[in-house]
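Scroll down for the structure; my scribbles are underneath it.
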Amino acid sequence: MLTKAFVAAQSAFYSFKNDERGVTAIEYAIIGVAISAIVLAVFNGDLGNALDNAMGTIEKNINTANTVK
């Protein structure tokens with residue numbers, strides 16, 4: 001009976017040791033964080049300012065078009 005328990009524990013240990021699903025999840029999380037950081041850097045940098053300026057110009061043109069009748 002003790003031998004069966006030892007074999008079962010050893011089998012569970014080896015199957016847990018060879019299971020790489022948790023490692024893959026951590027890798028995907030790291031990749032997700034890296035992509036998020038890149039997107040945040042792009043939109044907070046020059047592209048963000050360009051989009052703000054473009055939206056401001058569009059808003060100004062719409063307001064001008066509404067006042068001229």
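Any read-out appearing in this document is the output of simple, stated calculations on the displayed coordinates, not a laboratory observation. Fair warning: this is a prediction, and the values are worked out from it, not measured in the lab. Here Cβ is always computed from backbone atoms with ideal geometry, including for glycine, and neighbour counts include all displayed protein chains.
Quick notes
- With 0.36 nm allotted per residue and the present C-alpha distance subtracted, the ALA65-ASN44 stretch has 4.5 nm of extension available.
- Under the simplified labelling scheme, the ASP52-THR24 pair shows an inter-label distance of 4.3 nm, with each label point 7 Å from Cα along Cα→Cβ.
- Rounded to whole Hz, the Karplus (6.51, -1.76, 1.60) HN-Hα couplings of the range 26-33, x for glycine and proline: 5, 4, 5, 5, 5, 5, x, 5
- Mean projection of the Cα convex hull over all viewing directions, computed for the range 20-67: 4.3 nm².
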